[in-house]
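Here is the structure we will look at.
The values are calculated or read from the model by the stated rules, or taken from the named source; none is laboratory data. If you're wondering where the values come from, they're calculated on a predicted model, not measured in any experiment. Glycine gets a Cβ as well: all are built from the backbone with ideal geometry, and neighbour counts include every protein chain shown. All accessible areas refer to the heavy atoms of the entire protein, side chains included, with ligands and DNA or RNA removed. Shrake-Rupley method; radii C 1.70, N 1.55, O 1.52, S 1.80 Å.
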Amino acid sequence: MPVKAEALREIPLFATLTPDDLAQVATVTVERRYTRGDIIILAGQEGGALYFVRRGLVKVYRTSDEGKEQALRLIGAGHTFNDVPALDGGPNPASAMAMEPTTVYATSGGQLRRLIAERPGLAVAAVRTLAVALRALVTLVEDLSFRHVSGRVAKILLEQEEQNATEGEHTQRRLTQQEIAAMAGTAREMVGRALKELEAAGAIRNERGHITVLSAERLRMLTS
């Protein structure tokens with residue numbers, strides 16, 4: 001389904017483009033819809049597009065040769081993913097799956113790179129996008145390297161709570177322990193122990209797998 005040019009201003013990469021540039025991007029952008037569990041992209045595929053989550057939730061993840069999954073990010077409405085291969089022409093670095101009914105805008109990577117070569121305004125925006133992606137990667141490495149499991153879990157819960165605060169009540173969701181484990185790069189059993197520690201500290205309440213944040217401030221303290 002084609003996308004109206006003005007709707008693309010929601011995408012950070014395109015927010016400052018002129019109406020003419022925006023119209024050109026719209027010609028290479030389509031709307032796609034997915035149900036929960038649908039695979040949007042696979043790691044290693046060539047010809048990657050730039051994706052923007054219009055509504056819903058997307059999990060970006062890697063899978064080892066042994067089948068172990070490492071969730072890298074959860075992408076909510078208003079954010080992009082697969083930015084790097086769309087801009088450099090390389091293979092997709094990770095897979096992406098819809099976690100709930102999801103609508104995305106997909107912009108052809110090849111056509112996007114052609115437009116970047118022709119339009120300086122888009123080239124500057126692309127540099128900013130790559131800088132954001134690099135910062136996110138550095139943060140992930142830092143979390144896995146320096147934070148203990150309870151600190152990583154606290155950070156994940158805090159970020160999810162902050163995301164829920166920006167969305168309507170009907171769109172909010174809670175992470176499962178398995179999803180938290182994948183994002184934290186650890187086993188589900190370790191997440192269970194971490195949740196008990198956070199509950200003992202008065203930061204959360206965990207009732208039958210439903211996690212409620214009681215104190216965002218205590219979660220922040222426990223992330224260090």
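Specify which of the listed residues (101, 120) is modelled with pLDDT of 80 or more and either open to solvent by 60 Å² or more (accessible area, probe 1.4 Å) or at negative phi (or both).
Just a single option satisfies the conditions, and that option is 101.
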| query | Restricting the search to segment 30-47, which residues are of a type in the set (S, T, N, Q) and under 19 Å from residue 93 (Cα atoms)? | reply | 45
| message | So for segment 125-139 (the condition being assigned to a strand (DSSP E or B), open to solvent by less than 50 Å² (accessible area, probe 1.4 Å), modelled with pLDDT of 75 or more and not hydroxyl-bearing (Ser, Thr, Tyr)), does at least one residue qualify? | response | no
| Among the candidates 77, 96, 106, which residue alone is in contact with a Lys or Arg (Cβ under 6 Å, 6 or more places away or on another chain) and open to solvent by less than 10 Å² (accessible area, probe 1.4 Å)? | 106
| query | Among the listed residues 10, 6, 69, which satisfies the condition of being of a type outside the set (Val, Ile, Thr), surrounded by fewer than 21 Cβ atoms within 10 Å (Cβ to Cβ) and in contact with a Pro (Cβ under 9 Å, 6 or more places away or on another chain)? | reply | 6
| Mind checking whether some residue in segment 19-36 is under 21 Å from residue 182 (Cβ atoms), within 15 Å of the chain's Cα centre (by Cα) and surrounded by fewer than 19 Cβ atoms within 10 Å (Cβ to Cβ)? | no
| remark: Residue pairs within 6 Å by beta carbon, gap of at least six or interchain, first lying in segment 112-124 and without any contact (Cβ under 8 Å) to a residue 12 or more places away in the chain, second open to solvent by 30 Å² or more (accessible area, probe 1.4 Å) and part of a helix (DSSP H, G or I), listed first then second, are 123/116
| remark: Within segment 49-66, of all residues that are over 16 Å from the mean Cα position of the chain (by Cα) and closer than 13 Å to residue 95 by Cβ, the one most open to solvent (accessible area, probe 1.4 Å) is 63
| remark: In segment 198-216, residues that are within 17 Å of residue 151 (Cβ to Cβ) and either open to solvent by less than 30 Å² (accessible area, probe 1.4 Å) or of a type in the set (A, V, I, L, M) (or both) total 10
| remark: Flagged in segment 1-45 as under 18 Å from residue 79 (Cα atoms) and polar (S, T, N, Q), in numbering order, are 16, 29
| query | Within segment 49-61, is even one residue free of Cβ contacts under 8 Å to residues at least 12 places away in the same chain and farther than 27 Å from residue 9 by Cβ? | reply | no
| Would you say residue 154 is part of a helix (DSSP H, G or I) and buried (at least 20 other Cβ atoms within 10 Å of the Cβ)? | yes
